[in-house]
Every structure is written in structure tokens, then in C-alpha cells.
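Here the structure comes first, spelled out in C-alpha cells, and everything after it is commentary.
The values are calculated or read from the model by the stated rules, or taken from the named source; none is laboratory data. If you're wondering where the values come from, they're calculated on a predicted model, not measured in any experiment. Cβ atoms come from the backbone with ideal geometry, glycine included; neighbour counts cover every protein chain shown. Side chains are part of the model used for accessible areas, which takes the heavy atoms of the whole protein and leaves out ligands, DNA and RNA. Shrake-Rupley method; radii C 1.70, N 1.55, O 1.52, S 1.80 Å.
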Amino acid sequence: MASFAGRLNYGIDDKYLFTFTGRYDGSSKLAVGNEWAFFPSAAFAWKASDELFLQDVDWLSNLKVRLSYGESGNDNVLSPYQSFAFLNGSDYVFGSDHLNGVQVAGLANQELSWERSKEYNLGFNLAVFQDRVRLGLEVYNKKTVDAILGRTLSSITGYETAIGNYGSVRNKGVEITLNTTNIRTEDFKWTTSLNYARNKNEILELQGDLDEIPYGNHGVRKIGAPVDAIYSYEFDGIWQMDEAAEAHTYGAFPGQWKYVDQNNDGVLNQDDNVVLGSISPDWIGGMTNTFAYKNIDFTVQMHARFGTYGHSEFYNNFAPWQNDGAKFNKVNLDYWTPNNQGAANPAAHYASTGNDYYVDVDFVKISNIGLGYSFNQDALDKLKMSSLRLTLDLQNPFTFTDYAGPDPETALGNTYNAGYMMKTVLLGLKLSY
């Protein structure tokens, strides 16, 4: 990787600020002849609160407006040599002889080039009431062209996957921060910090005239859908005993998942797959409240994530219908039997189709509750210390979620033989002489 960058800043009366930037980046991960690209950007900021017509507004402490446009590059290829074809060893039989040979291991992409993102950003910074309320707002719209995406190939090609500049993706959203001083007296202070972020991504174009391309076991790259969309059958409950005849028409039995036949042709196939959700959350947020009374301070931190849908590694390993030769104990789930037809999960003895493991992993977490005491100067003088502070922290004490596994925050990752977020009580002592 090699980069060259230059920036020009220009200001008028310290109220109208201009920034111009240019980058020239090169990456050997990309195909020969496509290693280098130029990425420009420009930004303008206006300190509106410095204008004469706003300087007499007593309640306004700061008002700044920002507008920018910029381009950036991405060479995010999983393997640095995926633009090349390699030879792998392969044994074969020639007549009666067993011989060693080689085969082409993958498709070369001699046109693999930079993924380019073009982003517009509008921002506001506002402070009122002597900075007791401070608001930051960012609105952005980013279009990525020549997106580097993976696709699954038809087996008739002789190859499983390919990496290339296969499409265009848009990300747009908003980010908000709010900091407030709710109470401020001589002995007591209460402050709150809030943050919120929402992003929507969707595929705008795919290579050629395709509307979708397969990706992974249950994935798809589909125009109008998120890049990380989960694409599979839509759930419609569980087949019951009185539906045995209808279930048979789909090759199913009572106790198995029932899926929606989207086109009502009596067959479940690729045409019946729909976008069930996305791994990317609809929104994330957090809040921190800090209380201080004389030498005592108390802090509560929380964060939340909503709209994430994906494959649960917990159910994958520990669901009772997972056949792994009794390697693990199984979670005690409410599963279907002829005497328990109102169960939430299918019969344990039916092999999973893989769809059983897709779950919502929304959560709200109290990530930390902290209490601290700082000794005053009189006590420090008697102890001949320069500082002395005691702290008590409860880390990850509470999680509110419908997810059945140990930690919804890591639910979609491979947690085999891995640790989970734990509740921790932490006592602290900090002193100096």
C-alpha cells in the first residue's frame, strides 16, 4: 500500500472555512494496471454564531453548519491475491498409474479495481444556555460504485466463488449526539450524554442486467436489499397433525417448520426465498448519566442495538434438534410433540434445515454502574498524599433481550470455545504521593 495526500485550508474572518484534500492511493491487492486511483474531497463550514445578527442572542452559545463532499477508496479483498489464478496440487489416475498433477484453483480477475465511495455530508453543531445543552447532528448519503463483492458461481463453471467489482451500494443515515447539564449547583451536578445512529444500506446495481446473485448458503445479493441480507424461506409456524396431508405436498411432516409458498405453485424452491432481515442493525444508541455530589460520583452507562437479524451460533451448537453425536448438552427448549402442538420450536428429531437458527438479537444493556469517592485536600494532607480515590464498578450487570443465548451482542459470531461477556465486580484504589 502506498499513499500521497495533500490538503489546503482557507478561512475568511475565521467564519467561512474551506478545506480541499486530494489523495492518490495505490494497492497491490488490485489487478495490474488498476492499482492507482485519485480521491478528492472538499468541505465548507460556517460559524453562524459569529455573525453580527446572532451575537446579541444571549441563549445561543454556538451554531456551526458544515457541508462536505468526498471520495474514498477501498481495496478490501479478503485475500491479497484474489485477482490471480493459482495452481493447486491434484492427484489423478492415468491408465493404471496414480500421478500427481495440478489444477487451476480459482478464476483470475484481471480487472479488479478500487471500490470508490462518494459521500455527501451535512452537519450541525448547536450549543445553547451557556453550553448546558450541546447538540451534534450528521446526515450523510454515501454511494459506493464498483463495490468489491463476492458471488457464488454455478458449479458448471468449475469454480465455487468469484470476487470482483460487482455492483453499487448506497448507505444513508443520521448520527445524533446530545450532551446536557441537567442540574448544576455548588455541591451537585447531573449530566447526560446521548448518542443515536441509524443507517440504511441497499444494493443499487449488480454486474450486467442481473437483479440478484447468490451468495453463501442462505445469502443473496439482491437489488433493493441490504448487502448483508438474510435470504431464505419465510416462516409460517409449524405443521400440525391436522395439516399432515398439506404438509406432504411439500415433502414435510407434522412437527417441521412450515414455510410460505410465495407464488402458490405447490413447490418450495429458490423462487420462494425472501429477505427475512439483515445482520446490520436498524439503529444503535447509548446513554450515560453522571451524578456528582461533593466528593462522590455515580455513573450509569447503557447501550442498545435494534433490528439485527442473523444466524445464532448458540442454537447452532446447543439446539436439541442439532445432531452432533451428543457432543454438547442441549438447551431446554419448548419443542413440538404430538401432545405439545402449541410449541414454539419444531420437533427435536427432525434434522434442521439451517433456518432454525435465525433469530432477532435486539438488546438493551446496562454496561456499567460506577461509584467513586475522591478524598478531599484536608484528608490528603493528613495522609501526606497528593491524591486518593476509591471506585466500585459493576460491569455488564443487566441485559434486557429476548435472545436465549448467553450474550446477544456476540450472538452472530462464532463463539465455539470462546468466552462470553461476563458480569464483573471491580474494586479500585488509586493513590499517589
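The lone criterion from (1) buried (at least 17 other Cβ atoms within 10 Å of the Cβ); (2) more than 28 Å from the chain's Cα centre (by Cα) left unmet by residue 277 is number (2).
For region 225-237, check the following and say yes or no: at least one residue is touching a residue at least 24 places away in the same chain (Cβ under 8 Å), hydrophobic (A, V, I, L, M, F, W, C) and more than 20 Å from residue 308 (Cα to Cα).
No, that holds for no residue.
Considering only region 222-237, how many residues are part of a strand (DSSP E or B) and either of a type in the set (Asp, Glu) or open to solvent by 20 Å² or more (accessible area, probe 1.4 Å) (or both)? So the count comes out to 5. I'm checking my understanding of the structure. Among residues of region 71-109 that are open to solvent by 60 Å² or more (accessible area, probe 1.4 Å), hydroxyl-bearing (Ser, Thr, Tyr) and over 38 Å from the mean Cα position of the chain (by Cα), which one is farthest from residue 157 (Cα to Cα)? The residue in question is 96. Residues of region 152-163 that are out of contact with any Phe, Trp or Tyr (no Cβ under 9 Å at 6 or more places or on another chain) and either at positive phi or assigned to a loop (DSSP other than H, G, I, E, B) (or both): 154, 158, 159, 160. Listed conditions (1) farther than 30 Å from residue 130 by Cβ; (2) in contact with a Leu (Cβ under 9 Å, 6 or more places away or on another chain); (3) at pLDDT 95 or above are all met by residue 71, apart from (2). Note on region 227-270: residues that are over 14 Å from residue 347 (Cα atoms), at pLDDT below 90 and of a type in the set (Gly, Ala, Ser) total 4. Exactly one residue among 86, 39 is touching a Lys or Arg at 6+ places or on another chain (Cβ under 6 Å), touching a residue at least 12 places away in the same chain (Cβ under 8 Å) and of a type in the set (Phe, Trp, Tyr), and that residue is 39. How many residues does region 42-65 hold that are open to solvent by less than 60 Å² (accessible area, probe 1.4 Å), polar (S, T, N, Q) and over 35 Å from the mean Cα position of the chain (by Cα)? Qualifying residue count, region 42-65: 2.
Give 150, 136, 164 a once-over and let me know the one that is over 28 Å from residue 231 (Cα atoms) and open to solvent by less than 50 Å² (accessible area, probe 1.4 Å).
Only one candidate passes the filter, namely 136.
In region 238-273, of all residues being outside any loop (DSSP other than H, G, I, E, B), touching a residue at least 60 places away in the same chain (Cβ under 8 Å) and not aromatic (Phe, Trp, Tyr), the one that is nearest to residue 357 (Cα to Cα) corresponds to 238. Looking at region 32-70 only, could you name the residues that are within 25 Å of residue 138 (Cα to Cα), of a type in the set (S, T, N, Q) and outside any strand (DSSP E or B)? Of everything in region 32-70, those that are within 25 Å of residue 138 (Cα to Cα), of a type in the set (S, T, N, Q) and outside any strand (DSSP E or B) turn out to be 49, 55.
Of the residues 175, 243, which is surrounded by 13 or more Cβ atoms within 10 Å (Cβ to Cβ) and out of contact with any Asp or Glu (no Cβ under 7 Å at 6 or more places or on another chain)? Walk me through it before giving the result.
Details: 175 fails: out of contact with any Asp or Glu (no Cβ under 7 Å at 6 or more places or on another chain).
From the options 175, 243, the qualifying one is 243.
Residues are listed down the side, and each one gets a yes or a no for (1) closer than 21 Å to residue 284 by Cβ; (2) in contact with a strand residue (DSSP E or B) (Cβ under 6 Å, 6 or more places away or on another chain):
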| position | (1), (2) |
| --- | --- |
| 152 | no, yes |
| 158 | no, no |
| 163 | no, yes |
| 168 | no, yes |
| 176 | yes, yes |
| 191 | no, yes |
| 194 | yes, yes |
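Residues in region 110-127 that are over 28 Å from residue 38 (Cβ atoms) and buried (at least 17 other Cβ atoms within 10 Å of the Cβ): 125, 126, 127. Every listed requirement among (1) surrounded by 15 or more Cβ atoms within 10 Å (Cβ to Cβ); (2) of a type outside the set (Asp, Glu); (3) touching a strand residue (DSSP E or B) at 6+ places or on another chain (Cβ under 9 Å); (4) assigned to a loop (DSSP other than H, G, I, E, B) is met by residue 29 save one, (3).
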